[in-house]
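What follows is a single structure, written as structure tokens, with notes after it.
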Amino acid sequence: MSMLRLMGLNHWNGMRCVMKKIIEAIAKNKLSRYSYSKISTYDDCHYKFKLKYIDRLKVEKLPIRALEKGKYIHKLIESYFTLRLLGDTINMKTVEEMSIEDYPHNFPEEVSRCISIFHSLINSDRFQKLFPVDVCVYPEVEMEIPDIAVAYIDAYVEVSSDNSVILYDWKTGKTTKYNGRQLAFYFLLLNHLRPEIKTVTIRYYLIEHDEILEHTIDENSDIVLETKGWIIKTLEEIDKDTLYTKNMNNCRFCEYKDYCQKETSEILREYHNKINKEKR
């Protein structure tokens, strides 16, 4: 297994179009990189995309128990792998100290459960089979085109001798579904930067179920072709967008919910004041 820091200029025509659109969008919106989550955010709500990535508006996020618990478990595991990579002695105190930035401050009662889950996880036969002790894994992977960090993969990566790629990740929620579009996004970027990469496999360890879920795609997979079209279409919309409309259906768990409601109230108040003045 090796650190995946890929550079490359050779690419097939379809991928050239996708990457050209991504680079143009980065230049237009002054974004340092495009990730799957940024494109998905625009797809979910144009206005949230503007607030988060263009205006860079900082707001206090709504505390969500499952999200904070999941982040803390992820950080515990990442700290564990970092120690393993460095060849350091692994003890729980060090792992906890390295994970303090994602401590679930809003739900401190979850800490003991998270640590218990972490212990069960690293001692699970299935988890050890997925991440053998004698294998080095790396917690961060960046893929670059010269001078532009285009996107990143938040997963552990193995590049095999036959140029196939395996991504390793884990899920802290109860769902057993996988995000095919996200996997296709990763495949498109990997294939662009290393055209010899023809297949990408993702292996999820489902923590709540103690199971491994595996999916493999290649350049002819329907989801790859669909995702390529989705990326191009979405970036073209971002390029033309000047209104950044709100999608009110996705407000419930949005961190900008209070800001948007306050802003809408002020706009309505100004509108009614204007109407009342005109009636006088």
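The values are calculated or read from the model by the stated rules, or taken from the named source; none is laboratory data. The model shown is predicted, which means the values in this text are computed figures rather than measured ones. So basically every Cβ, Gly included, is an ideal-geometry build from the backbone, and we count neighbours across all protein chains shown.
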Members of segment 96-121 that are over 25 Å from LYS61 (Cβ atoms) and crowded, with 18+ Cβ neighbours inside 10 Å: LEU121
How many residues are under 21 Å from the mean Cα position of the chain (by Cα) and surrounded by fewer than 19 Cβ atoms within 10 Å (Cβ to Cβ) if we restrict to segment 197-220? 10
Could you tell me which of the residues TYR53, TYR42, TYR34 is buried (at least 18 other Cβ atoms within 10 Å of the Cβ), at pLDDT below 80 and either in contact with a helix residue (DSSP H, G or I) (Cβ under 7 Å, 6 or more places away or on another chain) or within 30 Å of LYS228 (Cα to Cα) (or both)? TYR34
When segment 56-95 is checked residue by residue, the ones that are without any contact (Cβ under 8 Å) to a residue 60 or more places away in the chain, part of a loop (DSSP other than H, G, I, E, B) and exposed (fewer than 11 other Cβ atoms within 10 Å of the Cβ) are ARG56, LYS58, GLY87, ASP88, THR89, ASN91
All but one of (1) of a type outside the set (A, V, I, L, M, F, W, C); (2) in contact with a His (Cβ under 6 Å, 6 or more places away or on another chain); (3) outside the structural domain of GLU158 (by TED's automatic domain parsing) hold for HIS192; state the number of the condition that does not hold. (3)
Name the residue that is surrounded by the most Cβ atoms within 10 Å (Cβ to Cβ), counting only residues in segment 248-266 that are of a type in the set (Phe, Trp, Tyr) and part of a loop (DSSP other than H, G, I, E, B). TYR256
Just need a number here: residues in segment 221-247 that are surrounded by 11 or more Cβ atoms within 10 Å (Cβ to Cβ) and in a helix (DSSP H, G or I). 17
Take the residues in segment 183-196 that are of a type outside the set (Asp, Glu) and surrounded by fewer than 21 Cβ atoms within 10 Å (Cβ to Cβ); name whichever of them is farthest from VAL159 (Cα to Cα). PRO195
Here the residues within segment 129-184 that are over 23 Å from SER79 (Cα atoms), modelled with pLDDT of 50 or more and assigned to a strand (DSSP E or B) are VAL165
Would you call GLY8 modelled with pLDDT of 55 or more, surrounded by 16 or more Cβ atoms within 10 Å (Cβ to Cβ) and among the small types (Gly, Ala, Ser)? no
Take TYR259 and tell me if it is touching a residue at least 24 places away in the same chain (Cβ under 8 Å), of a type in the set (Ser, Thr, Tyr) and touching a Lys or Arg at 6+ places or on another chain (Cβ under 9 Å). no
